[in-house]
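Undergrad: The following block contains the structure, expressed as structure tokens.
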Amino acid sequence: MFKPTEEFARELDQQDSLRGYKDEFYIKDNQIYMDGNSLGLLSKRSEQRLLEVLDSWKNYGIDGWTKGDHPWFFLSENLGSKMATLVGGNPEEVVVTGSTTTNLHQLVATFFKPEGSRTKILADELNFPSDIYALKSQLKLRGLDPDEHLIRVKSRDGRTLNEDDIIEAMTDEVALVILPTVLYRSGQLLDIKRVTEAAHDRGILIGWDGCHSVGAIPHNFHEHGVDFAYWCHYKYVNNGPGGVAGLFVHEKHFGAEPGLAGWFGSDKTKQFDMEHDFTPADSAGAFQIGTPHVLSVAPLIGSLELFEEVGIEAIREKSLKATEYLMTLVKEHLSDYDFTIGNPTDDKHRGGHVCLEHQEAASICKALKANGVVPDFRAPNVIRLAPVAFYVSYYDVYKTVMILKDIMDNQRYKQYKNERDVIA
Ligand SMILES: *Cc1c(COP(=O)(O)O)cnc(C)c1O
């Protein structure tokens with residue numbers, strides 16, 4: 001049981017085996033960073049490894065591709081094999097490449113095979129817009145009308161998806177399912193095993209968007225037979241703005257011809273033969289396209305050292321405890337105000353952030369920021385708060401709620417306009 005006191009927050013921190021990791025990150029004094037689900041913070045390790053990669057350019061020039069501490073030619077595969085631990089893949093099933101959206105394009109171009117009456121893609125009405133734009137354009141490229149061929153499962157409450165509704169929509173017209181592991185707004189975690197099995201029982205391939213879970217929640221993509229997955233590293237994996245993303249392709253699909261071919265998908269021993277016939281790698285590496293953005297991969301080297309030390313299980317354990325603590329404090333201290341907890345509250349369906357809904361969410365977010373808490377606003381009425389295990393303490397969670405209470409008690413949010421900024 002959580003007690004709503006400052007003393008208790010301090011006690012939780014005393015018992016926290018991850019408490020030392022806060023010093024590994026750059027956090028401003030007097031700032032509580034609750035926005036790691038949108039852009040994770042810079043760690044000293046990531047900074048160090050980025051500087052080392054710059055040094056290898058400085059020292060080796062072109063030879064940096066094969067020399068130095070982090071030879072660039074193998075970086076995407078080497079880091080992919082480390083990322084595999086976080087997503088539950090075999091080392092060859094994961095590669096660090098592209099962006100979320102370009103990886104989705106690649107994977108749909110590869111695995112969407114409309115045939116006969118199976119011509120539809122099943123998605124959901126709550127997914128992130130970029131995924132939907134990509135799916136619509138992929139359909140158009142095949143000459144299929146998105147209005148007819150993109151099915152979006154409806155949400156019953158505007159926040160979450162019902163897994164039975166998803167499964168019911170898996171008809172024999174569906175060729176491919178694309179779903180988020182965790183919904184970006186409400187933080188709902190879907191049962192990946194159950195939904196994947198349901199798709200396969202119906203002869204449908206399934207791909208998962210892991211943007212809001214990778215780095216916060218352990219996955220078992222290989223064991224669950226997931227066909228493919230893709231995610232970014234700049235949220236919970238702290239690889240920096242625009243940092244290179246990741247993808248997983250199950251080994252059962254090795255040898256599939258990439259829909260969007262490029263020379264960095266080559267078998268590495270053949271790449272520099274410079275043949276016009278493409279020989280794809282016999283691994284997830286085949287789904288790379290062009291030269292990796294080495295400087296935007298580099299921070300991941302340091303970040304993954306931290307994950308390796310701590311383990312994703314310990315991160316999830318703290319995250320679940322911290323989000324539960326946050327919800328308890330909200331109920332205890334903010335019951336006078338009209339906040340609704342919009343995320344699923346059970347551990348099985350709760351992601352890494354808490355979703356607080358309020359009519360005045362935009363202005364409350366501005367007031368939080370002015371008072372030392374960095375939250376995340378999603379239109380029209382959502383405040384997302386992510387107590388990231390590496391760098392948010394239990395005291396930070398307590399303090400966040402106290403600051404929020406002060407903002408509400410004194411109506412400090414009324415100084416701000418209740419509308420979103422350019423980035424929100
Ligand atoms: C963050 C996020 C994206 C962003 O895609 P980029 O290609 O990195 O811009 C896409 N989809 C989801 C679900 C996200 O959470």
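Undergrad: Given the Cα atoms of the range 33-140, and with Rh set as the inverse mean 1/r over their pairs in the Kirkwood sense, what is Rg to Rh to two decimals?
TA: 1.08
Undergrad: Calculate, for Phe278 and Val310, the FRET efficiency according to 1/(1 + (r/R0)^6) with r their C-beta to C-beta distance and R0 41 Å; round to the nearest 0.05.
TA: 0.55
Undergrad: What number comes out for the charge environment of Thr279, summing +1 per Lys or Arg and -1 per Asp or Glu over other residues with Cβ under 12 Å away?
TA: -4
Undergrad: Now, a different point. Can you tally the net charge around Leu179? Count Lys and Arg as +1, Asp and Glu as -1, for every other residue whose Cβ sits under 9 Å from the Cβ of Leu179.
TA: -2
Undergrad: Between Tyr60 and Lys417, with labels modelled 7 Å along Cα→Cβ, what's the label distance in nm to one decimal, could you check?
TA: 5.1 nm
Undergrad: When the helix-only estimate is applied to the chain (DSSP H runs of n ≥ 4, each -39,500 (n - 2.57), divided by the residue count), what is the mean residue ellipticity at 222 nm, nearest 500 deg cm²/dmol?
TA: -11500 deg cm²/dmol
Undergrad: Expressed in nm to one decimal, what extension gain is obtained for the pair Glu148 and Asn410 from 0.36 nm per residue of sequence separation less their Cα-Cα distance?
TA: 89.2 nm
Undergrad: If you don't mind, there's one more thing I want to ask. Normalised by the number of residues in the chain, what is the relative contact order in percent for Cα pairs under 8 Å and 6+ residues apart?
TA: 22 percent
Undergrad: Separate question: Quote the convex hull volume per residue of the chain, based on C-alpha atoms, as a whole number of Å³.
TA: 146 Å³
Undergrad: Within the set of other residues whose C-beta is less than 14 Å from the C-beta of Lys414, count the net charge using Lys and Arg as +1 and Asp and Glu as -1.
TA: -1
Undergrad: By Kyte-Doolittle mean hydropathy of at least 0.0 and Cα axial length of at least 27 Å, which whole DSSP H helices of the chain are selected?
TA: none
Undergrad: While we're here: Report Rg(Cα)/(2.2 N^0.38 Å) for the range 283-345, keeping two decimals.
TA: Dividing the Cα Rg of the range 283-345 by 2.2 N^0.38 Å gives 1.84.
Undergrad: Only bridges whose two residues both fall in the chain count here: according to DSSP, what percent of them are antiparallel, nearest 5?
TA: Of those bridges, close to 55 percent are antiparallel.
Undergrad: Alpha carbons only, please: Rg and Dmax for the range 218-304, in angstrom.
TA: 14.3, 40
None of the figures in this text is laboratory data; all of them are computed from the coordinates on show. As the structure is a prediction and not an experimental result, all values here were calculated from the model. We place every Cβ from the backbone using ideal geometry, glycine too, and count neighbours over all the protein chains shown.
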